[in-house]
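The values are calculated or read from the model by the stated rules, or taken from the named source; none is laboratory data. Computed from a predicted model, the values in this text were never measured in an experiment. Heads up, the Cβs are rebuilt from the backbone with ideal geometry, glycines too, and the neighbour counts pull from every protein chain shown.
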Amino acid sequence: MKKRMAIICSTDYTSYPMGGMMSFILDILPYLEQYFEIDLWGVNVDRHSELATIKMGDRAYPFYSLGLVKVHSKKVLPNIVRVITSSAAKLRDIYSRAYEILYFHGIPLELSFLITNNHNTLIVSHIHGLHNPFSASRNRLANSWIGTALYEKYRKSVVSKSDLTFIAADSPSFIKFSSSFPLKVRAKTIRLFNFANPELFHPIDKDKCRRRHRIRPDEKVLIYTGRLCHWKDPLLLIRVLHQVRLSNPNVCLVIIGDGELMRELEKLAKQLDLIESIKLLGQIPRQDLPQWLNAADVFLFTSKGEGIPMSLAEALMCGLPIVTVDCTGVQDLVINGQTGFRVMSRKPDEIAKKVITALDWAQEMKKNCIKKSIEFTPQRAAQIISERILAL
């Protein structure tokens, strides 16, 4: 008989917030379902609803609401405060359903459950990256030594008290983090790769994709997919494009994603006279991403730190070489000279040099990218997760 599992995350599993964590859960569900009976707990966006279903193919998963977040309507409390307080209020309801496993994605929700868990329920935490989100905040109180230190202390407390913790991180970051714990805690802390969905992301005829999106035959395309936030540093994408076009004016940039920096991106593109060379597509349906990735020549990534970026795994599956700043989380996916280039500098001209080389080598690198992507699949991740949980 399958064990009952509740997956708990501050997302609505359909649109909020778009990103790797939500995609991870949705893509791995069909594989985890082989081992567990799964309910989804999340949030509702700008509306109230206590029970619904989340559809994945021909399967509908029960969905229960932890509370309401406001995206398009006016809000007084920050969404993170809303979710934490409302999830604490749902404790009795969640425990009454007699789940054997509570599987949390993202740190903020666990505290109430860890304090009150006297129901012999397994608490499994999944940390999607070891960078400190407070250090990227524009809030001065959060982005201070006090704010970042408190977050680190809280995160370590969650890891110590959880029955099992999965961490998406590169090897150096994981070793540094896990070595700060006693051996007993280290034994239940597992490094886990993120992945891309091979049923969605795979090579497609490049010429057809380019014709569909009206890309000229002589045009070279750089692409970025992800949130437009300060931590991802998308403004650097535009500055790199400016440098690349000094050598090759036929290069353009496609940016797919949404976030608070959209207007700043538009402003910078106008300042650098690049408005005709940049496509700011905003948020698009996920099923449309493979067409754009296959139409492009090089994936450009300028984040300040990651866990294991799902967007890079998606690019590799489409045979797209990657040029990235050498930040945490990218070392396992981007092998210099094989699947792309990692650049030590954040200077636009230094990154541009590698972009130009990658454009020249793109066809040769394509096979390496596809071969490397086999390491990052949902089947492999689901097997590791299920074996570790069922062994407890």
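Quick notes on this one:
- Output for the stretch 296-318, where each listed residue is surrounded by fewer than 24 Cβ atoms within 10 Å (Cβ to Cβ) and modelled with pLDDT of 95 or more: D297, T302
- Some residue of the stretch 251-274 being in contact with a Gly (Cβ under 8 Å, 6 or more places away or on another chain) and part of a helix (DSSP H, G or I): yes
- Residue satisfying condition, being buried (at least 17 other Cβ atoms within 10 Å of the Cβ) and more than 22 Å from the chain's Cα centre (by Cα), within set V185, V221: V221
- The number of residues in the stretch 344-387 being of a type outside the set (G, A, S), touching a residue at least 12 places away in the same chain (Cβ under 8 Å) and within 13 Å of V244 (Cβ to Cβ) comes to 8.
- Taken as a whole, the condition of being under 23 Å from A169 (Cβ atoms) and not assigned by TED's automatic domain parsing to the domain that holds M21 does not apply to T357.
- Hits in the stretch 370-384 - residues which are of a type in the set (V, I, T), closer than 14 Å to E314 by Cβ and out of contact with any Gly (no Cβ under 9 Å at 6 or more places or on another chain): I374, T377
- If you go through the stretch 158-204 and keep only what is polar (S, T, N, Q), in contact (Cβ under 8 Å) with a residue 40 or more places away in the chain and farther than 18 Å from C327 by Cα, you end up with S162, T165, N197.
- Residues located in the stretch 263-278, provided they are under 22 Å from the mean Cα position of the chain (by Cα) and surrounded by fewer than 17 Cβ atoms within 10 Å (Cβ to Cβ): none
- Taken over the stretch 1-36, the criterion of being part of a helix (DSSP H, G or I) and either within 23 Å of I84 (Cβ to Cβ) or under 14 Å from the mean Cα position of the chain (by Cα) (or both) is satisfied by G20, M21, M22, S23, F24, I25, L26, D27, I28.
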